[in-house]
Amino acid sequence: MTKIAAMARREGGKPGAALESSPGKSTPLGATPSEAGVNFSVFSRHARGVELLLFDGVGDRRPARVVRMDPAANRTYHYWHVFVPGLRAGQVYGYRAFGPFDPRRGMRFDSTKVLLDPYGRGVVVPRNYSREAARGKEDNAATAMKSVVVDPGAYNWEGDRPLQRPSARTVIYEMHVRGFTRHPSSGVSEETRGTYVGLIAKIPYLQQLGITAVELLPIFQFDAQDAPPGLINYWGYQPVSFFAPHQAYSSRRDPLGAVDEFRDMVKVLHRAGIEVILDVVFNHTSEGNHAGPTLSLRGLDNSTYYILEQDRSRYADYSGCGNTLNANHPIVRRMIVDSLRYWVEQMHVDGFRFDLASILARDPSGQVMSNPPVLWDIESDPMLAGTKFIAEAWDAAGLYQVGSFIGDSWKEWNGRFRDDARSFFRGDRCSVKPFADRMLGSPEVYAHKEREPEQSINFVTSHDGFTLNDLVSYDRKHNEANNDNNRDGADDNRSWNCGIEGPTDDPAVERLRNRQVKNFLTVTMLSLGVPMILMGDEVRRTQGGNNNAYCHDDENNWFDWSLTTRRADVLRFVRLLIARRLLRNVEHEHQRLSLNQLLGQARWGWHGTKVGRPDWSENSHSIAISAELRQENLLLHLILNAYWEPLDFELPPVDSSEEHPWRRWLDTALDSPHDIVDWRMSPPIQGGTYRVESRSVVALLATITPQ
């Protein structure tokens, strides 16, 4: 017999009857356990009545007990609250809200729907969960997601804290929790494939790769059924909770399993020296447009939580997902900041990447604000000081703020680095000068802010678009499996298939593709800024040309671990690149600057095939740059040839008594293991010129006399 049923038996009650309670408090919001019981508090300005529903099981057709809140006793301002004695962490609950259903006024109350607590720290999903039932006219208690009472203080962190690694010493690995270990080749037990525990098992791989931070695609609880018929929402950009970790990523099925496993994962990643950055979606929810389901915010206070059109029965859609969160409303601002605080203080995450962050600059009418309150709230919150904030500085309605995003501490996904790097290595006209700027931290974009180069997050690929393998294997997207007649996904990919569309056994084409992959990886790691690589790019993972694979939970999205053997040469190349980027394997590493810091302080010089004579013309396809790294007593000479024929490059003179001062560190035209070597063991080269093969990158090093 459950605790709730036992209490009802003692009181002579029946399932669904009222349970003894007291008024409780309006703060804190959510479900807060104590030794005596649990305090519940939820915001609803326009509700006429609210019920707390307590369930014995996640799939129960009706609640074991209902606590009806009296507006006179259980409401303070617009907060509905109640204290229920005897409850503990693990209790499953939800809400019903009573009020007008009047879409013309922006009101969409529906008392037949069980609602998630916006501040609920845990969510459980019944096996027969139905998104469709959340749109219908019938009671959906049996098929609804439900919230869980969580005690954040019950976990033993064993002294763990966020790492707060400097951005200049950060290399980001964007990855999907499920996709990382779901493939049978992962070697992870069948019970833990695709889970937080599965990721823990692969931390040694991440350490060997050398990355310093994982950026996890959304792990907030999301609605996996929010996808085209017959498909599934795999990426997770359809949140239903801003506080609860996604239950399906837990190997445990108990109500508290996802919370505990997520914290276990963070703790072990920190022990390995790896930060955890969450991809967060505060721009919309899975409740969709006017025809969408009622899951939480819509049923509690629709006109508060969402931006509505002038016709208040319709939602403003700046996200491309049907609705837009009213982020600069005081209640919503508080919820967003409270969510971030929770994930930092109680879940120990190190940073956040904000999906479509520019939406957070819009006011309740959709206009762009010069000083958006929510963004300043986030940046100036002392509890979030030292936390990494990364903005995807655009939205789906055309607002583009790369280089102009608000604030002093926000880093930005540099979409211009991605586009200009792709254009350069594809051999486009007029591409040399823009890409040269991107390599130096994009001063054309960011110099007016007088910010450090780490403001730019440099990437060539991400989850949204082609993988690196597909970027060099397809001229056009192949999204037919998304059931939208190949209309979805970006058309401007700036990709090049190297002569054949898709997979091929042609050794010449394959060799060229391998070279292009290494070219992109090299410039990502050697440019000023914070480098980010996509999960699996280090082993040429493919999605079969699909550049919008959000709706496929299958082998096209999963990491195929057999590639670590089949593409061992690329994996080795990436590992050595990252090691040099972070100056690993040197004595007194903690006293050394990273390559990013060294390059930022270096004296630069641009060259063409002749020293000191760069070719900036529209028909140029090559460039060279030299940097004097006095702190390391090194010269770096980087040559990039995107031309379709080999070119001979004159080398700058070196002040050295060595007969052959220049040494080859990497040359992407060479086969492994000659393509890259330990930088301290690079072989000398002969003469004052170096032949750079077509479509390849060369990096030379030389020792200089200490000053």
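A few notes on this one:
- Only listed residue being of a type outside the set (Asp, Glu) and without any contact (Cβ under 8 Å) to a residue 12 or more places away in the chain, chosen from Gly230, Gly257, Gly273: Gly257
- Scanning region 238-254 for residues that are touching a residue at least 40 places away in the same chain (Cβ under 8 Å), within 17 Å of Val124 (Cβ to Cβ) and either among the polar types (S, T, N, Q) or surrounded by fewer than 22 Cβ atoms within 10 Å (Cβ to Cβ) (or both) yields Ser241, Gln247, Ala248, Ser250, Ser251, Asp254.
- Complete set of residues in region 623-647 that are in contact with a Ser or Thr (Cβ under 7 Å, 6 or more places away or on another chain) and under 19 Å from Gly427 (Cβ atoms): Leu640, Asn641, Ala642, Tyr643, Trp644, Glu645, Pro646, Leu647
- Residues within region 99-142 that are under 22 Å from Val66 (Cβ atoms) and part of a helix (DSSP H, G or I), tallied: 4
Residues are listed down the side, and each one gets a yes or a no for (1) surrounded by 16 or more Cβ atoms within 10 Å (Cβ to Cβ); (2) in a helix (DSSP H, G or I); (3) among the charged types (D, E, K, R):
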| residue | (1), (2), (3) |
| --- | --- |
| Leu375 | yes, yes, no |
| Glu379 | yes, yes, yes |
| Met383 | no, yes, no |
| Phe389 | yes, no, no |
| Ser404 | no, no, no |
| Asp408 | no, no, yes |
| Phe424 | yes, yes, no |
| Cys430 | no, no, no |
| His448 | no, yes, no |
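- Any hit, region 51-59, residues being touching a residue at least 60 places away in the same chain (Cβ under 8 Å) and either among the small types (Gly, Ala, Ser) or more than 28 Å from Asp254 (Cβ to Cβ) (or both): yes
- Scan region 330-339 for residues that are in contact with an Asp or Glu (Cβ under 9 Å, 6 or more places away or on another chain) and free of Cβ contacts under 8 Å to residues at least 60 places away in the same chain and the total you get is 3.
- Of all residues in region 661-690, those satisfying the criterion of being crowded, with 16+ Cβ neighbours inside 10 Å, more than 14 Å from Leu521 (Cβ to Cβ) and either free of Cβ contacts under 8 Å to residues at least 60 places away in the same chain or not assigned by TED's automatic domain parsing to the domain that holds Leu640 (or both) are Pro661, Trp662, Arg663, Arg664, Leu670, Ser682, Ile685, Tyr690.
A quick yes/no check of all residues on (1) of a type in the set (Ser, Thr, Tyr); (2) part of a loop (DSSP other than H, G, I, E, B):
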position: Gly612; (1), (2): no, yes
position: Asp615; (1), (2): no, yes
position: Glu618; (1), (2): no, yes
position: Ser626; (1), (2): yes, no
position: Leu636; (1), (2): no, no
position: Asp648; (1), (2): no, no
position: Pro661; (1), (2): no, yes
position: Ser672; (1), (2): yes, yes
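- The sole residue among Arg567, Arg540 that is at pLDDT 95 or above and either in the same structural domain as Glu650 (by TED's automatic domain parsing) or on the phi > 0 side of the Ramachandran plot (or both) is Arg540.
- Screening Trp157, Trp235 for residues that are surrounded by fewer than 17 Cβ atoms within 10 Å (Cβ to Cβ) and of a type in the set (Phe, Trp, Tyr) leaves exactly one candidate, Trp157.
- Check on Thr703, of a type in the set (Val, Ile, Thr) and surrounded by fewer than 18 Cβ atoms within 10 Å (Cβ to Cβ): yes
- Complete set of residues in region 466-524 that are within 23 Å of the chain's Cα centre (by Cα) and within 23 Å of Asp675 (Cα to Cα): Thr467, Leu468, Asn469, Asp470, Leu471, Val517, Phe520, Leu521, Thr522, Val523, Thr524
- Failed item in (1) closer than 21 Å to Phe55 by Cα; (2) touching a Gly at 6+ places or on another chain (Cβ under 9 Å); (3) surrounded by fewer than 24 Cβ atoms within 10 Å (Cβ to Cβ), with Gly99 passing the rest: (1)
- All conditions but one from (1) out of contact with any helix residue (DSSP H, G or I) (no Cβ under 6 Å at 6 or more places or on another chain); (2) crowded, with 20+ Cβ neighbours inside 10 Å apply to Pro330; the one that does not is (2).
- Residue selected from region 167-193 under the condition without any contact (Cβ under 8 Å) to a residue 60 or more places away in the chain and in a loop (DSSP other than H, G, I, E, B), by the criterion surrounded by the fewest Cβ atoms within 10 Å (Cβ to Cβ): Glu190
The values are calculated or read from the model by the stated rules, or taken from the named source; none is laboratory data. No experiment lies behind these values; they were computed from the predicted model shown. Cβ: placed from backbone, ideal geometry, glycine included. Neighbour counts: every protein chain shown.
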